[in-house]
Amino acid sequence: MTWIAPDVERTTQLLVGDERAVLQSLLDRGRTILLWKCQGLNGTQLSARSVEPSTLSLLGLLRHLTECERGWFRIRAAGEQLDYLYSSETNRDGDFDDTDPDAAEADYNRFLEEIDLCDKAVAALPLDYTVPHPRTGLDMSLRWIYLHLIEEYGRHDGHADFLRERIDGVTGY
C-alpha cells in the first residue's frame, strides 16, 4: 500500500491576543499551510522537483523546515546539543538533494515530531531571551527567531504553492 500525506485541518489564525500567542499562531499557520500543500500526495509526488537544475521539492521543503525548526529553536534558543538530520558540513543541501520517495512518510512524521519538540523546547523561555547569532555573534532574541521562522515559512509556502500546482494543478489556500 502506498503512503499518502494525510488531510490537514486548516487552523484559524489568532488575530487578537498577547504577543507570544499571536506569534505562535502565525508560525502554526505557516506550518499548516506547508502540510496542506502536501496532503493527498504520495512519496513520488512529494519528491517531484520543480525544474532543472533545482532540487526544490515539497519533500525537500518538509526536510528543510524540519532542519530550520531544529536549528533555530532547539539548537540555538534552547541550547540542545544536536546534529542536523539531513544536512552536514560536507552536505549542506542534503535536506533538498537527498530526498527519497520511499522515506516520505518517515520524513513527514519527523517534521511533525520536530515541531512538537521545538514548541516544548522554547515554551518556558521569554521572548526577550537572547542567544548569539550563529554567523554574526550578535545577540538575537527568541522573538526574532519566531519572526524569522514565520518569514521562512512565508517564503517556502509560496514555493510549495508553485510546486503543488505543477504536480496536480491545486492552488490557493
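Relative contact order of the chain: 26 percent, from C-alpha pairs under 8 Å at least 6 residues apart in sequence.
Overall, the anisotropy analysis places segment 13-87 in the oblate class: the square-rooted eigenvalues a ≥ b ≥ c of its C-alpha gyration tensor yield a/c not less than 1.5, with a/b not exceeding b/c. For volume of the Cα convex hull per residue in Å³, the candidate list reads [x] 255; [y] 121; [z] 106; the entry that matches the value derived from this model is [y]. Probing with 1.4 Å while keeping every protein chain in the model, the per residue accessible area of segment 23-134 equals 45 Å². Within the chain, the longest segment free of exposed loop sites, counting GluC sites (Glu not before Pro) that fall outside DSSP classes H, G, I, E and B and have at most 15 other Cβ atoms within 10 Å, spans 90-173. Using a 1.4 Å probe on the protein heavy atoms, what percent of the accessible area of segment 97-157 belongs to carbon and sulfur? Ligands and nucleic acids excluded, carbon and sulfur give 52 percent. The long axis of helix 104-122 is offset from the longest Cα principal axis of the chain by roughly 10 degrees.
The values are calculated or read from the model by the stated rules, or taken from the named source; none is laboratory data. None of these values were measured; they are calculated from a predicted model. No Cβ is skipped: glycine too gets one built from the backbone with ideal geometry, and neighbour counts run over all protein chains shown. Only protein heavy atoms, including side chains, enter the accessible area calculation; ligands, DNA and RNA are left aside. Shrake-Rupley method; radii C 1.70, N 1.55, O 1.52, S 1.80 Å.
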